[in-house]
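Working notes, beginning with the structure itself.
The values are calculated or read from the model by the stated rules, or taken from the named source; none is laboratory data. Since this is a predicted model, take the numbers as computed values, not measurements. Neighbour counts run over all protein chains shown; Cβ positions are idealised from the backbone, glycine included. Note: areas computed on protein heavy atoms with side chains; ligands, DNA, RNA excluded. Shrake-Rupley method; radii C 1.70, N 1.55, O 1.52, S 1.80 Å.
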Amino acid sequence: MKRNEREAAVRRIMERGGAPVPPELCGDAVRRGGRLLRQRRLVRRILWLLACVAAVAFAVWAADAHPWVESPSQTTPPLTGW
């Protein structure tokens, strides 16, 4: 297809206009979009809540268990009576 033929074909397509759209389509799209936004917002809040709970649980565990302190060695008996 040559350039002139392609341009003519595109012009014909654009002059025809768009397909008819049902009138209730816009309302349905707005309702569905609002519902999706509310669901995403709820999921995001739940994930942030879980992340905060996990951080607090880790902080409480770390404060109680002291994982950074080296445990005493149990391989040699204590020296007494010297």
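List of remarks:
- The chain, accessible area per residue, ligands and nucleic acids excluded (1.4 Å, Å²): 102
- Projecting the Cα atoms of Ala54, Val10, Ala29 onto the charge dipole of the chain (Cβ charges, centred on the Cα centre) puts Val10 farthest toward the positive pole.
- 222 nm mean residue ellipticity, helices alone, for the chain (DSSP H n ≥ 4; -39,500 (n - 2.57); rounded to 500): -24000 deg cm²/dmol
- Anisotropy class of segment 8-47 from Cα gyration tensor, a/c 1.5 cut: oblate
- Surface composition of the chain: carbon and sulfur atoms hold 64% of the protein heavy-atom accessible area at a 1.4 Å probe.
- Maximal additional length on extending the Ala9-Ser71 stretch stands at 14.3 nm, based on 0.36 nm per residue less the C-alpha distance.
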